[in-house]
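What follows is a short report on a single structure.
The values are calculated or read from the model by the stated rules, or taken from the named source; none is laboratory data. Note that the coordinates shown come from a computational prediction; the quantities given were computed from them, not determined experimentally. Neighbour counts are summed over all protein chains in view; Cβ atoms, including those assigned to glycine, are modelled from backbone coordinates with ideal geometry.
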Amino acid sequence: MIDTFDRERRRFVGATALGLAAAGLGATATAARTVAEAKPPRHGATSFAAMKSVKAGVLQVGYAEDGPATGPVVVLLHGWPYDIYSYVDVAPILAAKGYRVIVPYLRGYGSTAFLSPDTPRNGQQSALAADIVALMDALKIDKAIVAGYDWGARTANIVAALWPERCKAMVSVSGYLIGSQAANKNPLPPKAELLWWYQFYFTTERGQAGYAKYTHDFARLIWEQASPKWHFDDATFQRSATAFDNPDHVAIAIDNYRWRLGLAPGERKFDELEAKLARFPDIAVPTITMEGDANGAPHPDPAVYAKKFTGKYEHRLVSGGVGHNLPQEAPEAFAKAVMDVDRF
């Protein structure tokens, strides 16, 4: 089944790309392209240098930190269903080069918790981005390199687009992922829709109950489908799986996917941000986009989004069977991209 999906995936531009095409930004651009070979992790780390927590906005944010306190800051953002351990080998590489590395648990993951039981368990894209700006404020970080994949890449994209003064540069796996509810109304060809099976499952009460009952099993299945050539062991998975035991995890994950399809309302306070994002703003900060050569998850073609990056820009394809969780599967390549974009 993965082989069939892969053939469709290579032609699939995803919901975001469909929105770009609807906005008159079809697949006409050609990005500068570098091919890098993935190497085995140099460190093989199983823990971070330090785990910390800070009150930021509506959250008590749990985060890992490494590197000198006075170094240039890098904020590394994880996706779903993953966690901060996607960066357990990236962080020490960057710290050794003098960077201050911050790796937060997103809302609904790990030790990050809502300060009030009355705060909506909202998973919409702008809420996650606002969380990161609030975290930077709490840590008195004026400007940082932001980098991520999956939900983390989308969050980095939004920070770079809406708060460019806070973003020195960006690394984004799978490129430009800003979306809108309006664009997501447009149907895709059936085989492309099949790749989003879990998104539709989550729109049902049965799907919410199923994800709550089988959270770890569900996450492991997504890992296997999204990275079909990544042979992770049980210990690697279990280190991340504990993050899904967060009491708000299911609510945030379900709300995220329902919001995308217009089935969850979001919060009024984010309406202005979402209106800006619905126009698919250009990103002017220096950027490197990346893709693994064996990404089994839906993702847009680099040619579709290249023109959305109006500053210095490069796209890198990482070969060697690298899937969706690129930072954990190819930490050396990811860390190098962060250091290289810093020099842009």
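Determine the pairs where a residue that is in contact (Cβ under 8 Å) with a residue 40 or more places away in the chain, located within region 215-242, has a partner that is in a loop (DSSP other than H, G, I, E, B) and among the aromatic types (Phe, Trp, Tyr) with Cβ atoms under 7 Å apart, the partner being 6 or more residues away or on another chain.
From residues that are in contact (Cβ under 8 Å) with a residue 40 or more places away in the chain, the pairs are Trp223/Phe232; Ser240/Tyr82.
Kindly indicate whether Thr242 is closer than 19 Å to Arg154 by Cα, modelled with pLDDT of 95 or more and either hydrophobic (A, V, I, L, M, F, W, C) or not in a loop (DSSP other than H, G, I, E, B) (or both).
No, not satisfied.
What pairs come up if the first residue lies in region 190-201 and is touching a residue at least 40 places away in the same chain (Cβ under 8 Å), the second is buried (at least 18 other Cβ atoms within 10 Å of the Cβ) and hydroxyl-bearing (Ser, Thr, Tyr), and their beta carbons are under 8 Å apart, counting only those six or more places apart or on different chains?
Tyr198/Tyr257; Gln199/Tyr257
Which of the following residues is within 24 Å of Thr112 (Cα to Cα), β-branched (Val, Ile, Thr) and without any contact (Cβ under 8 Å) to a residue 40 or more places away in the chain: Val159, Val146, Val173?
Selected residue: Val159, the only one of Val159, Val146, Val173 that is within 24 Å of Thr112 (Cα to Cα), β-branched (Val, Ile, Thr) and without any contact (Cβ under 8 Å) to a residue 40 or more places away in the chain.
Would you check which residues across region 124-149 are under 17 Å from Ala161 (Cβ atoms), aliphatic (A, V, I, L, M) and either under 14 Å from the mean Cα position of the chain (by Cα) or buried (at least 21 other Cβ atoms within 10 Å of the Cβ) (or both) and list them?
Answer for region 124-149, where residues must be under 17 Å from Ala161 (Cβ atoms), aliphatic (A, V, I, L, M) and either under 14 Å from the mean Cα position of the chain (by Cα) or buried (at least 21 other Cβ atoms within 10 Å of the Cβ) (or both): Ala127, Leu128, Ala129, Ala130, Ile132, Met136, Ala144, Ile145, Val146, Ala147.
Test Ala192 against the criterion of being surrounded by fewer than 24 Cβ atoms within 10 Å (Cβ to Cβ), under 26 Å from Ala130 (Cα atoms) and at pLDDT below 95, and give yes or no.
No.
Inside region 85-100, can you point out the residues that are more than 12 Å from Phe334 (Cβ to Cβ) and either in contact with a Leu (Cβ under 8 Å, 6 or more places away or on another chain) or without any contact (Cβ under 8 Å) to a residue 60 or more places away in the chain (or both)?
Pro92, Ala95, Ala96, Gly98, Arg100
Take region 248-278 and flag every residue that is over 25 Å from Pro187 (Cα atoms) and free of Cβ contacts under 8 Å to residues at least 40 places away in the same chain.
Of everything in region 248-278, those that are over 25 Å from Pro187 (Cα atoms) and free of Cβ contacts under 8 Å to residues at least 40 places away in the same chain turn out to be Arg268, Lys269, Glu272.
Do the conditions hold for Ile145, that is, is it within 14 Å of Glu65 (Cβ to Cβ) and touching a strand residue (DSSP E or B) at 6+ places or on another chain (Cβ under 7 Å)?
no
All but one of (1) under 29 Å from Leu261 (Cβ atoms); (2) of a type in the set (D, E, K, R); (3) in a helix (DSSP H, G or I) hold for Asp137, so report the exception by its number.
Failing condition for Asp137: (1).
Among the residues of region 219-239, count how many are closer than 16 Å to Trp80 by Cβ and assigned to a loop (DSSP other than H, G, I, E, B).
The total comes to 1.
Tally the residues that are under 13 Å from Phe280 (Cα atoms) and of a type in the set (Phe, Trp, Tyr), restricting the search to region 136-183.
1
Is it the case that Ala335 is within 30 Å of Asp66 (Cβ to Cβ), of a type in the set (Gly, Ala, Ser), in contact with a Leu (Cβ under 6 Å, 6 or more places away or on another chain) and assigned to a helix (DSSP H, G or I)?
So Ala335 passes the test.
Being surrounded by fewer than 19 Cβ atoms within 10 Å (Cβ to Cβ), small (Gly, Ala, Ser) and more than 19 Å from the chain's Cα centre (by Cα) is the requirement here; does Gly262 meet it?
Judged against the criteria, Gly262 is a match.
Looking at region 97-120, which of its residues are basic (Lys, Arg) and more than 19 Å from the chain's Cα centre (by Cα)?
Lys97, Arg100
Identify, please: which residue in region 144-175 is outside any helix (DSSP H, G or I) and aliphatic (A, V, I, L, M) and is, among those, farthest from Val75 (Cα to Cα)?
So the residue we want is Val173.
For region 297-306, check the following and say yes or no: at least one residue is in contact with a helix residue (DSSP H, G or I) (Cβ under 7 Å, 6 or more places away or on another chain), part of a helix (DSSP H, G or I) and surrounded by 22 or more Cβ atoms within 10 Å (Cβ to Cβ).
yes
Give just the number: which of (1) modelled with pLDDT of 95 or more; (2) surrounded by fewer than 17 Cβ atoms within 10 Å (Cβ to Cβ) does Trp230 not satisfy?
It is condition (2) that Trp230 fails.
Please note which strands (runs of 3 or more DSSP E) are completely contained in region 39-95 and include at least 1 residues that are crowded, with 24+ Cβ neighbours inside 10 Å.
Output list reads 59-66, 73-77.
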